[in-house]
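Trainee: Sharing a structure, written as structure tokens. Questions coming.
The values are calculated or read from the model by the stated rules, or taken from the named source; none is laboratory data. Everything numeric in this text was worked out from a predicted model, so none of it was measured. Ideal geometry is used to build each Cβ from the backbone, glycine not excepted, and the neighbour counts take in all protein chains shown. Accessible surface areas use protein heavy atoms only, side chains included; no ligands, DNA or RNA. Shrake-Rupley method; radii C 1.70, N 1.55, O 1.52, S 1.80 Å.
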Amino acid sequence: MPKKGRSAVKRPDNKAENGVAVSAKQRKTESLLCFESPASLFQSLIAPMDVEQFFQEYWEKKPLLLQRSDPALTSYYQSLFQLSDLKHLCTQNLEYARDLNVCRCVNGKKKVMNKEGRVNYSQLKKDFDQRRATIQFHQPQRFKDELWHIQEQLECFFGALVGSNVYITPQESQGLPPHYDDVEVFILQLEGQKHWRLYEPTVPLAREYSLEPEERIGKPTHDIILKAGDLLYFPRGTIHQADTPAGVEHSTHLTLSTYQNTYSFKIKHFFFRSWGDFLLDVFPSLLFDSMKGDLSLRQGLPRSLLCSPGVSSEVNKQVSVFLRGLAESLEKEQQELRSSEMRRDFISSRLPPYKLQEEDIMPGEYGDGLGSDHLCVCVRERPKGGGRLKLGLHDIGKNLHCQCSFFDNIYRHMKQCRAHDVTSPAPTRVLSRVRADQELSQR
């Protein structure tokens, strides 16, 4: 398991707890975010914006730009990931497509410049310097513990999976053509500057990724320059493109994404974090439970219904009666809504707790409602004065939990989630989900 490390704490005044000033070198590795709780982490991430104001005015509505001229924050952001990290990371058996993409936007189209197999640093640097290619690094939290810590807390805050990518682009170059995503996006500018243009969505709160041609998107609603330490948020469906301005050696930014879709292999359907998809998830069990106590729902269909080319108004009226009855039973709390596939995917795919140790894992003593072939894994929290506190799924707001088919597979599950990379020796290769790095590598 990953070795233990220092807990990161917020240092708003850039001083140690005893009042002694912290050196610039120390500040580069010391977190300026508050990890006391998931809520405090998100608050410190979007400071000085208030969390309540953010969700009322911006979330799923419009972009938010936070420009912060804070040298300490700039240094901290740079410590999360930088261009110079690639030389060492290329010794970790990185592979093209799986771990990173090399690409460039040429004449409004994405040109992928990946080679085959393992990534060679000299070739990667040559493509970056000479071919002006963007390096798109997938799921950097596998190698960067601070990002693991941030994303693990954000998953707890949002109650949704959080993925990440790092984009490194040389000056006067653009990696991707105009497009929109199916996720909520937070951009953290780590190094240099990036020129962003945002456009009015053609599909608000989009359910899928799509390219958009220049002639269709019109004039940008936002034309901005992000500098190191700045943060940009925009809702899913927001059309965007970004390039590194002239005179800037290179740009490095981190994309944090959440409310991404999840795929249910059981029912072969993509679920999104939307009310409509929640209804798709809970309705089957709701109807099944209602049929047990409602004779009218068990009555046979009209003889000609399945032979008719359409559905008659009488059938529509009868279905409306059934739906009103279900609504009344829910309002009277006579029925219970049970999410199965969405909850199963979230619990089984979320990041493991930060710096989890093998002795901190124990099997649960009660079922979790996710199926007999799964086992609840609880996280022990060491209270002051010794002893151990066993936690269950009901503590999901404060702690993270893991799910695996058999307890013998816990160690593998905590180290990495990719089915095609089970034997990887890297101790901190942690993914938020299997699908994320596979699907994003195609974009």
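Trainee: Hey, what do the phi angles of region 275-281 turn into as Karplus ³J(HN,Hα) couplings, whole Hz, using 6.51/-1.76/1.60 and θ = phi - 60°, x for Gly and Pro?
Mentor: Per-residue couplings from phi come out as 4, x, 6, 4, 5, 4, 6 Hz.
Trainee: Something else: Of all alpha-carbon pairs in region 57-180, indicate the percentage at a distance above 21 angstrom. Before the final figure, lay out each step's value.
Mentor: Working: 3839 of 7626 pairs.
Result: 50 percent of Cα pairs exceed 21 Å.
Trainee: Moving to a separate point now. Return the FRET efficiency for the residue pair Gln171, Val319: r is the Cβ-Cβ distance, R0 is 56 Å, and the value is rounded to the nearest 0.05.
Mentor: Details: r = 60 Å, r/R0 = 1.08.
The computed FRET efficiency comes out at 0.40.
Trainee: Here's another thing I want to ask about it. On a full-extension model of 0.36 nm per residue, what is the gain between Arg303 and Glu331, subtracting their alpha-carbon distance, rounded to one decimal in nm? All intermediate terms of the calculation are to be shown ahead of the outcome.
Mentor: Working: separation 28, 0.36 × 28 = 10.08 nm, distance 3.32 nm.
So the extension gain works out to 6.8 nm.
Trainee: Longer than 30 Å from Cα to Cα, which of Lys111/Lys355; Lys62/Lys355; Lys61/Lys110; Lys61/Lys194; Lys61/Lys87 are they? Say none if no pair is.
Mentor: Over 30 Å apart, Cα to Cα: Lys111/Lys355; Lys62/Lys355; Lys61/Lys87.
Trainee: Residue farthest toward the positive end of the dipole of region 22-128, with Cβ of Lys/Arg at +1 and Asp/Glu at -1: which of Gln82, Val102, Ser37?
Mentor: Val102
Trainee: Quick check: residue separation of Ser296 and Phe283 times 0.36 nm, minus the Cα distance between them. What number comes out in nm?
Mentor: Numbers: separation 13, 0.36 × 13 = 4.68 nm, distance 1.74 nm.
Net length gain for the segment: 2.9 nm.
Trainee: Multiply the residue gap between Glu57 and Ser44 by 0.36 nm, knock off their C-alpha separation, and tell me the result in nm, one decimal place. Each step should come with its number before you reach the end.
Mentor: Values: separation 13, 0.36 × 13 = 4.68 nm, distance 1.80 nm.
Gain on stretching Glu57 to Ser44: 2.9 nm.
Trainee: In addition: Ranked by accessible surface with a 1.4 Å probe, highest first, in what order do Met291, Met49 come? List each step's numbers first, then the result.
Mentor: Values: Met291 80, Met49 20 Å².
Greatest to least solvent exposure: Met291, Met49.
Trainee: Here's another thing I want to ask about it. Whole-Hz Karplus ³J(HN,Hα) for region 164-176, in order, using 6.51 cos²θ - 1.76 cosθ + 1.60 and θ = phi - 60°, x for Gly and Pro?
Mentor: Per residue, the Karplus-derived 3J(HN,Hα) values read 8, 9, 10, 10, 10, 10, x, 5, 6, 9, 9, x, 10 Hz.
Trainee: Taking the Cα centre of region 115-250 as the origin, how large is its charge dipole in debye, to the nearest 20, when only Lys and Arg (+1) and Asp and Glu (-1) carry charge on their Cβ atoms?
Mentor: On the way: 15 positive and 21 negative charges, 74 e Å.
The calculation lands at about 360 debye.
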